[in-house]
Amino acid sequence: MSKRLKHFWRTILARPVLARNNLARTVLACACLLLLPAAAFAETRLGLVISQTNYSGDLSRVGSAGQEADAIASALIDTGFDVTRAHDLSKRDLATTLNAFRRKVDMAGPDAVAFVYYTGHGAQHPESGDSYLLGVDAELVAASDLAFYGLDMQTQRDGFAATGARAVFMVFDACRNVPGFSGYKAAVKGLSRVEAKPDMLIAYATGLDDVAKEGVYAPVLAEEIRRPGQKAEDAFAAAQRRVAGRTNRSQLPWTNNLLYNEFCFAACEKPAVTERPEPFELVMSGTELDRAFNTVYGKSDKAVVKNDDGETFDVSPAFAVQFDDYIALVSKAQNREDAHVSAGYVAAHYIKDGEIIGEWPNLGFGNGFGMPPDYSLRTGLLNYPTMMVQAGYTAQGYTASLQTLIEITPDGPKVRADVETLEDTSGAAYDDLQPCILEGTIQASRTSSDVFYVDYRYTGPIKGEDRKVEYRLDPETGKYIPDFVIEPETCIGLMFDAVGDPAE
């Protein structure tokens with residue numbers, strides 16, 4: 001320790017206790033500030049989160065707006081934003097709140113980052129196509145009421161672009177149904193295109209001229225805002241993909257990105273440890289399963305469904321996966337007509353607050369002898385419960401079978417891989433031809449859910465090379481790719497190779 005540093009601490013220790021404690025706190029605070037990343041000083045993060053629930057006139061109540069806004073506000077606070085929260089604003093109060101926030105961003109200087117989130121009713125003019133945010137006092141009878149009770153979104157965009165902020169995010173979860181106007185045959189759905197200005201990103205909860213379901217987009221976006229290791233534009237792109245997957249593409253978020261400065265909500269560096277999957281509960285029976293089935297089919301245990309071709313199926317619940325605030329129901333169906341080519345199928349429906357937000361009616365098919373698809377259910381193989389849907393055939397004594405792995409994820413069911421699990425020539429063996437049987441057993445990895453293995457063994461008289469094949473997740477496609485491909489009809493070739501070519 002240098003003489004100067006020794007003198008410094010002796011001076012501190014010589015002071016009265018109260019003064020010494022105050023100075024120690026100051027020194028500690030300065031030391032802590034020195035440990036913060038430089039980005040903490042370089043930018044001011046400001047957020048405005050608005051929820052509009054209780055509308056007057058003919059506009060419907062947006063029941064989930066408060067929860068949607070709270071989810072976004074919480075994520076912004078967790079990532080360092082100073083958040084202003086507003087609820088149920090009239091047109092005048094909405095304008096005042098947005099103007100005050102815009103000025104606050106402007107005064108923060110060129111290193112400011114602004115995030116505006118609005119959830120409630122929005123509408124576009126049926127003739128001009130201009131889009132408006134609506135105060136809760138809106139009473140829409142004629143199209144001209146939009147300008148009277150609403151705020152023009154293009155004007156708001158121009159105002160925030162003029163602040164010169166480092167980055168501006170404007171997120172509109174406002175694509176709702178609105179009534180028709182006098183003089184027009186029908187209302188125009190959703191919001192029209194509002195182009196982002198430089199250093200700005202504009203996002204809608206669903207596509208242009210479309211209507212969004214409540215409570216779907218905001219929770220996913222909040223998760224992506226908190227996720228470290230990705231740029232801001234990648235967070236919106238991930239939310240866009242996940243919502244599309246979760247709703248089976250019935251809701252397709254739209255983003256217009258003109259960001260030129262790199263920005264990350266959480267740390268830009270990816271975490272060293274893979275994040276844990278979203279918590280879930282497997283539901284095999286009970287009230288929650290019955291309630292989910294009733295939401296989809298109007299019955300609690302069994303239902304009769306007729307498809308577009310006039311075929312009749314008996315449908316029953318198979319299982320469900322309960323996530324945080326929604327449930328994924330998997331049902332199985334059997335065709336009433338025996339020996340039909342398509343004898344049964346498996347369907348999935350994702351349900352939130354008693355409403356279907358995504359459906360996959362043709363998730364898996366089965367055929368033969370009037371039986372529905374045969375499947376097993378596994379947990380611990382991948383991140384989420386995984387169906388092993390079995391298919392195959394027997395022809396001329398040759399049997400082949402494969403299993404399709406379908407993972408029931410929070411963002412919809414995902415077909416992960418088709419795995420050959422059996423090749424058997426026992427029924428084709430005669431005279432000198434000995435049977436060849438190749439069996440594949442699917443095994444979980446002990447270290448990562450991004451990998452599983454298939455242990456292939458020859459169990460009949462004719463032997464080939466046993467091997468363990470690794471299937472690894474490809475992040476780009478979402479499929480598990482094998483490091484070795486078992487060729488079709490391998491056993492048939494080995495069986496005939498064993499007796500040689502009779503012509504020789």
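As a summary of the residue check, Pro126 satisfies the conditions (1) assigned to a loop (DSSP other than H, G, I, E, B); (2) in contact with a helix residue (DSSP H, G or I) (Cβ under 8 Å, 6 or more places away or on another chain); (3) open to solvent by less than 60 Å² (accessible area, probe 1.4 Å) except for the one numbered (2).
One residue stands out in the range 17-73 among those that are modelled with pLDDT under 50 and of a type in the set (Lys, Arg): the one that is surrounded by the most Cβ atoms within 10 Å (Cβ to Cβ), namely Arg20.
Filtering the range 346-385 to residues that are farther than 30 Å from Glu214 by Cα, touching a Pro at 6+ places or on another chain (Cβ under 8 Å) and either modelled with pLDDT under 70 or not polar (S, T, N, Q) (or both) leaves Phe365, Gly366, Leu377, Arg378.
Screening the range 382-414 for residues that are of a type outside the set (A, V, I, L, M), farther than 19 Å from Asp324 by Cβ and touching a residue at least 40 places away in the same chain (Cβ under 8 Å) and picking the one that is surrounded by the fewest Cβ atoms within 10 Å (Cβ to Cβ) gives Tyr398. Considering every residue within the range 107-123, establish whether at least one is assigned to a helix (DSSP H, G or I) and open to solvent by 20 Å² or more (accessible area, probe 1.4 Å). Yes, the range 107-123 contains at least one residue that is assigned to a helix (DSSP H, G or I) and open to solvent by 20 Å² or more (accessible area, probe 1.4 Å).
With respect to the conditions (1) of a type in the set (Ser, Thr, Tyr); (2) without any contact (Cβ under 8 Å) to a residue 24 or more places away in the chain; (3) open to solvent by 20 Å² or more (accessible area, probe 1.4 Å), Ser426 lacks only one, and its number is (2). Of the residues Val454, Val469, Val485, only one is among the aliphatic types (A, V, I, L, M) and either in a helix (DSSP H, G or I) or open to solvent by 50 Å² or more (accessible area, probe 1.4 Å) (or both); which? None of the other options fit; the residue is Val485. Within the range 429-448, if we keep just the residues that are outside any strand (DSSP E or B), open to solvent by 30 Å² or more (accessible area, probe 1.4 Å) and small (Gly, Ala, Ser), the residue that is modelled with the lowest pLDDT turns out to be Ala429.
The values are calculated or read from the model by the stated rules, or taken from the named source; none is laboratory data. Predicted model only: the values in this text are computed from it and were never measured. Note: ideal-geometry Cβ built from the backbone for every residue, glycine included; neighbour counts use all protein chains shown. Note: accessible area is taken over every heavy atom of the protein model, side chains too, but ligands, DNA and RNA are not part of it. Shrake-Rupley method; radii C 1.70, N 1.55, O 1.52, S 1.80 Å.
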